[in-house]
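The structure under discussion appears below in the form of structure tokens.
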Amino acid sequence: MFVATHPLALNMDIDRIRDLIGGWREHIETAGLLARSVALAGARVHLGAGHDVVVPQLLARPTFIEQAAALADELGSAFHEVVLIDSKRNAIQRFVDRSRSSTEPGHRDAGEMLERQGGLAELEAVYDRLTALVATRPATKVVRTRAGEIEQAYRDFLDVLA
């Protein structure tokens with residue numbers, strides 16, 4: 001939604017970048033690291049040209065966040081770390097529903113990857129890692145979301161950027 005209302009802003013979707021890497025499903029870890037590196041390189045170019053970059057990604061480990069923050073600082077760009085989150089139960093249910101019913105390949109891929117990596121137990125662990133990480137990052141802005149309230153979540157997101 002942000003890029004639709006902010007001309008020349010870039011939606012740096014790391015999953016889409018990963019999808020462009022040959023054989024990524026057989027090399028998930030390596031492909032993920034490569035995709036993040038490509039994302040940072042692209043963000044460097046885009047931020048350097050004076051435009052916004054949004055990374056709509058679940059980042060439950062700090063390395064990429066710290067790399068993105070350092071890049072923004074190096075280029076004199078603002079860096080906003082925002083987490084959109086629902087309750088654990090609701091977030092898990094939303095993920096399951098989306099991966100089962102979505103027509104978007106990325107959502108289906110996420111569901112398939114989750115099944116290979118431990119299913120619902122892994123999804124619960126990811127949620128726990130995310131909330132633990134947020135607790136260690138005082139500058140992180142948290143937006144509470146609820147299923148079906150996309151417009152409200154977006155307004156709340158914009159509010160924390162202001």
Margin query: For Lys141, what residues show an amide H to amide H distance below 5 Å, using hydrogens built from the backbone and excluding near sequence neighbours?
Written below: Glu81, Val82, Val83
Checklist line | Cβ-based net charge around Val82, under 15 Å, with every Lys or Arg adding one and every Asp or Glu removing one | finding: -1
Check: Say we join alpha carbon atoms closer than 10 Å with springs in a Gaussian network model of the chain; which of His46, His80, His27 then has the biggest fluctuation?
Finding: His27
Notebook entry, point to check: For the chain, modelled as a GNM with alpha-carbon contacts under 10 angstrom, which of Val96, Val45, Val142 fluctuates the most?
Noted result: Val45
Check: Mind checking the dipole of the chain: about its Cα centre, +1 per Lys or Arg Cβ, -1 per Asp or Glu Cβ, Debye to the nearest 20?
Finding: 200 debye
Note to self: Counting pairwise Cα distances across the range 1-79, what percent come out greater than 23 angstrom?
What the structure shows: 20 percent
Next item on the list: Mind telling me which of Leu40, Leu123, Leu58 comes out most flexible in a GNM of the chain, alpha-carbon contacts under 10 Å?
Entry: Leu58
Margin query: Could you check the spin-label model distance between Asp97 and Leu75? Points 7 Å from the Cα along Cα→Cβ, value in nm.
Written below: 3.6 nm
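Rule-based calculations on the coordinates, nothing more; no lab input. Source: prediction; values computed, not measured. Neighbour counts are summed over all protein chains in view; Cβ atoms, including those assigned to glycine, are modelled from backbone coordinates with ideal geometry.
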